[in-house]
Amino acid sequence: MKHLPLWRHELRRAGWTACSPAAALAATLALTAAAAAFGTARPQLERILLTGLEALIPLSAGMAAVAVVSRDPSRELQLTLPTPYTTTLGRRLAVLGGLSAALSIAFSAALALGGWWNGPGLPYAPLVWAAPLLWLTGLALLVAALGRSVVLATTTVAAVWLGEQLFATSFATTPGLRPFFLFMTTRIGVPTDWDANRAALTTSGALLAALALILLRRPERLLTEEET
Amino acid sequence: MDIQITGLRRTFGKVTALDGLDLAVPGGMYGLLGTNGAGKTTLMRVLAGVLPPTAGTVRVGGHDLTTRTGRLAVQRRLGYLPQDLGLYPDLSAQEFLDYVGLLKGLDDTAARRRQIGELLDMVGLTDAVGRKLRGFSGGMRRRVGIAQALLGDPALVVVDEPTAGLDPEERIRFRTLLASIAAGRTVLLSTHIVEDVAQTCRDTAVMARGRVVFNGPVADIVQRAEGITWELVGQGPPPAGGVVVSAVSRSDGTHYRLVSPTRPDPRAVPVQPSLEEGYVALMHAGTSA
Ligand SMILES: Nc1ncnc2c1ncn2[C@@H]1O[C@H](COP(=O)(O)OP(=O)(O)O)[C@@H](O)[C@H]1O
Ligand SMILES: [Mg+2]
């Protein structure tokens with residue numbers, strides 16, 4: 001493969017950003033261990049583990065995506081190179097997405113093997129994390145591309161995430177919001193419209209990401225001084 | 001590669017950074033002098049294909065920079081050192097250059113490694129090749145910057161204020177390095193330091209407020225101040241009228257040198273101008289025009 005060395009560089013260059021999904025997983029395990037130490041019942045523990053997959057790993061991926069598009073000390077140089085900068089951004093996001101996916105799949109498999117899996121049938125397991133991950137990442141990319149501010153983008157993502165957690169009941173009961181309820185699996189379970197919810201999140205997430213990439217094609221958007 | 005620019009305009013909202021600029025650069029090492037805000041960086045970004053012009057035509061080596069194919073054709077033969085080149089702190093010089101080389105399309109691993117070795121040698125970084133970039137000094141970073149610009153043997157090298165912030169020794173060393181790479185290619189050096197251009201370029205353009213106000217041999221800039229440069233020894237505050245270029249305090253008073261279209265004081269005597277005074281005269285003529 002001609003571009004293999006470039007992928008290797010991206011992996012190496014990503015550094016700590018690439019580790020954030022792993023940090024989310026570690027936090028989940030720590031939380032579960034702490035809950036178990038306090039004598040929490042098994043179904044609750046299973047739900048905490050599933051929350052790591054559906055909520056924490058996607059949140060960390062969204063935050064890391066903001067860093068990928070907002071912080072690049074060598075950006076101006078790369079805009080002058082024959083490789084389009086959006087291709088490079090795509091590669092970096094793919095590295096992030098790939099690591100998150102690999103981690104999520106491994107974690108799901110470990111839960112299933114250990115008998116701790118409390119989600120949909122295993123063929124659908126990837127949608128538990130992939131749908132919210134794509135949606136939060138798409139939102140993060142769009143706000144980062146629009147506002148060119150790390151603080152604004154991460155705050156928006158965190159606020160939406162927290163809002164959906166705090167007002168889970170409203171999201172579950174309002175017909176207009178239910179398709180965009182990120183945490184349906186952990187907060188409700190697998191109702192009949194679960195597939196529809198996952199499909200809505202996936203398509204709208206892809207749309208947000210596509211919009212962001214179109215915006216990022218305009219170099220002027222990237223060249224003005226970055227806010228912090 | 002030669003550069004032909006006519007009527008180039010670039011605006012950012014209400015700010016006009018380039019205001020109908022005309023410039024022709026034949027090749028070799030060429031200076032681009034101008035004060036901060038003159039529009040040098042904007043011009044270089046247009047030449048590097050980063051910023052599309054608002055109006056005007058820009059041709060580099062015959063390629064039209066306003067088209068996608070033209071831009072790509074130029075970028076394949078371009079080396080660019082931005083004014084603030086950020087480096088990835090966790091990479092070594094070798095890794096960073098390898099990464100840039102790949103993005104430039106140098107796919108042959110052995111050839112790329114060989115070229116990186118030669119360039120690191122040329123810029124004097126062989127001893128630091130494995131060290132992480134976070135520990136590099138300003139001068140070392142600039143040398144990594146020029147090494148990456150030269151990857152792929154570009155026909156056009158554009159360097160934006162590469163000597164800013166360097167100590168005098170590093171500055172001299174760096175501009176000598178720049179001059180040494182100019183054989184057989186076009187090197188466009190932007191700077192606000194007159195001396196950098198005087199020591200390395202035969203020809204230069206001078207920019208002010210988004211336009212080219214002078215274009216020609218560096219030595220001709222001096223002529224702009226002939227007959228309007230004065231020296232005056234005074235005790236009090238600097239004389240009004242004209243631009244004071246230097247003020248040196250001696251036992252008999254303060255020796256002022258100033259550029260002024262009229263004799264600023266009956267005691268003032270005309271003197272042979274320096275390059276800097278020529279530059280000041282040029283800038284000053286631009287303001288009153
Ligand atoms: N991305 C930008 N957005 C808004 N204004 C800009 C931008 N880049 C440059 N300018 C403005 O254009 C003018 C020329 O700037 P610049 O090209 O950086 O000059 P120089 O490099 O000679 O100091 C300045 O007034 C600057 O504020
Ligand atoms: Mg500048």
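What follows draws every value from the coordinates through simple rules; no lab data is involved. Treat the numbers as computed from the prediction; the structure is a model and nothing was measured. Heads up, the Cβs are rebuilt from the backbone with ideal geometry, glycines too, and the neighbour counts pull from every protein chain shown.
Before moving on, here are some points about what is shown:
- Residue list for the stretch B:59-86, restricted to those being part of a strand (DSSP E or B) and within 14 Å of chain A (Cβ to nearest Cβ): B:Val60, B:His63, B:Leu78, B:Gly79, B:Tyr80, B:Leu81
- Test: residue in the stretch B:6-19 that is touching a helix residue (DSSP H, G or I) at 6+ places or on another chain (Cβ under 6 Å), within 28 Å of B:Arg141 (Cβ to Cβ) and away from ligand 2 (no atom under 16 Å from the Cβ): no
- Conditions (1) more than 18 Å from B:Ile3 (Cα to Cα); (2) touching a strand residue (DSSP E or B) at 6+ places or on another chain (Cβ under 9 Å); (3) within 16 Å of ligand 2 (Cβ to nearest atom): number failed by B:Val129: (3)
- Annotation: of all residues in the stretch B:32-45 being polar (S, T, N, Q) and near ligand 1 (Cβ under 6 Å from one of its atoms), the one that is surrounded by the fewest Cβ atoms within 10 Å (Cβ to Cβ) is B:Asn36.
- Tally of residues being in a helix (DSSP H, G or I) and farther than 20 Å from A:Ser204 by Cα across the stretch A:156-169: 2
- Cβ-Cβ distances below 6 Å connect the following pairs, each with a first residue in the stretch B:29-41 that is closer than 22 Å to B:Ile181 by Cβ and within 14 Å of another protein chain (Cβ to nearest Cβ), a second residue that is near ligand 1 (Cβ under 10 Å from one of its atoms) and among the acidic types (Asp, Glu), and a separation of six or more residues or different chains: B:Thr41/B:Asp160.
- Flag for B:Arg185 being buried (at least 17 other Cβ atoms within 10 Å of the Cβ), in contact with an Asp or Glu (Cβ under 8 Å, 6 or more places away or on another chain) and in contact (Cβ under 8 Å) with a residue 24 or more places away in the chain: no
- Of the helices (runs of 4 or more DSSP H) lying entirely inside the stretch A:1-92, those containing at least 3 residues that are within 14 Å of chain B (Cβ to nearest Cβ) and over 25 Å from A:Ala153 (Cβ atoms) span A:4-14.
- Among (1) within 14 Å of another protein chain (Cβ to nearest Cβ); (2) within 8 Å of ligand 1 (Cβ to nearest atom); (3) not β-branched (Val, Ile, Thr), the one test that B:Ala48 misses: (2)
- Listed by first and then second residue, the pairs linking a residue in the stretch A:110-138 that is within 18 Å of A:Gln44 (Cα to Cα) to a residue that is assigned to a helix (DSSP H, G or I) and among the acidic types (Asp, Glu), with Cβ atoms under 7 Å apart and 6 or more places separating them unless they lie on different chains, are A:Trp116/A:Glu46; A:Asn118/A:Glu46; A:Val128/A:Glu54.
- When the stretch B:96-118 is filtered for residues that are farther than 20 Å from B:Gly138 by Cβ and within 8 Å of another protein chain (Cβ to nearest Cβ), the ones remaining, listed by number, are B:Asp98, B:Tyr99, B:Leu102, B:Leu103, B:Lys104, B:Gly105, B:Asp107, B:Thr109.
- Within the stretch B:10-27, the set of residues being in contact with an Asp or Glu (Cβ under 8 Å, 6 or more places away or on another chain) and surrounded by 16 or more Cβ atoms within 10 Å (Cβ to Cβ) comprises B:Val25, B:Gly27.
- Checking each residue in the stretch B:255-281 for being assigned to a strand (DSSP E or B) and surrounded by 17 or more Cβ atoms within 10 Å (Cβ to Cβ) picks out B:Tyr256, B:Arg257, B:Leu258, B:Val259.
- Scan of the stretch B:69-95 for residues that are more than 17 Å from A:Leu223 (Cβ to Cβ), surrounded by fewer than 24 Cβ atoms within 10 Å (Cβ to Cβ) and either within 16 Å of ligand 2 (Cβ to nearest atom) or touching a residue at least 24 places away in the same chain (Cβ under 8 Å) (or both), ordered by number: B:Arg76, B:Arg77, B:Leu87, B:Tyr88, B:Pro89, B:Asp90, B:Leu91, B:Ser92, B:Gln94
- Considering residues of the stretch B:87-111 that are among the aliphatic types (A, V, I, L, M) and in a loop (DSSP other than H, G, I, E, B) only, the residue farthest from B:Gln148 (Cα to Cα): B:Leu91
- Filter result for B:Asp108 (surrounded by fewer than 20 Cβ atoms within 10 Å (Cβ to Cβ) and more than 23 Å from the chain's Cα centre (by Cα)): yes
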